[in-house]
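The structure appears below as structure tokens.
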């Protein structure tokens, strides 16, 4: 029997991107845009975000409603651009370690993330992740979010995973690790970016 090559799947935020909530890009919202982050959390993220990242509704109408109730001259386009620009600190050392793993093993490299469509496109095109990863699995395109079982089921299909093919998954969120393990992925929680690099470098083929 021919041995299948492994698949390495990385989370985005917290694994290859040093971003919210760890660096709190939104802490500067009030100073830069006049938007209170608590209001944003209570009136936008809490009531709308879970539906948005599952692709059940676009981000723009929810933001429109928020801005109508909030006294600001900031446009939706300005807010989204600000968010994307300030939530985009790629950790190149992790990506380089992953690309070196791919070269060493011949395996497939994938990204698995919960995002809305606007940021998914930004990550793939503007940050160039679409050229570095063979497959990008995004919650808004498949209708489910990590750690839901259906997310990992659909991920297997997108990865064209063969029976018994090994999937190695790194994420910084414990519940996502638990969900991945239940699905049968070899999942490990990483605590910081140096830990992610070390883990990838020590992976066996």
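The values are calculated or read from the model by the stated rules, or taken from the named source; none is laboratory data. No experiment lies behind these values; they were computed from the predicted model shown. We place every Cβ from the backbone using ideal geometry, glycine too, and count neighbours over all the protein chains shown.
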Taking the residues in the range 1-45 that are surrounded by fewer than 17 Cβ atoms within 10 Å (Cβ to Cβ) and either in contact with a strand residue (DSSP E or B) (Cβ under 9 Å, 6 or more places away or on another chain) or at pLDDT 95 or above (or both) as candidates, determine which candidate is farthest from residue 174 (Cα to Cα). 5
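Name the one entry in 177, 136 that is under 19 Å from residue 59 (Cβ atoms), in the same structural domain as residue 192 (by TED's automatic domain parsing) and either modelled with pLDDT of 95 or more or part of a helix (DSSP H, G or I) (or both). It would help to see each step written out before you state the result.
Details: 177 fails: under 19 Å from residue 59 (Cβ atoms).
After ruling out the rest, the residue left standing is 136.
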Within the range 139-159, track down each residue that is crowded, with 17+ Cβ neighbours inside 10 Å, under 14 Å from the mean Cα position of the chain (by Cα) and over 21 Å from residue 189 (Cβ atoms). 140, 142
Based on this model, can you work out whether residue 141 counts as in contact (Cβ under 8 Å) with a residue 60 or more places away in the chain and not assigned by TED's automatic domain parsing to the domain that holds residue 58? yes
Within the range 119-128, residues in contact with a helix residue (DSSP H, G or I) (Cβ under 7 Å, 6 or more places away or on another chain) and either surrounded by fewer than 20 Cβ atoms within 10 Å (Cβ to Cβ) or free of Cβ contacts under 8 Å to residues at least 40 places away in the same chain (or both) come out as 119, 120, 122, 124
Enumerate the helices (runs of 4 or more DSSP H) found wholly within the range 46-123, keeping only those where 2 or more residues are at pLDDT 95 or above, closer than 30 Å to residue 161 by Cα and assigned by TED's automatic domain parsing to the domain that holds residue 15. 92-105, 117-121
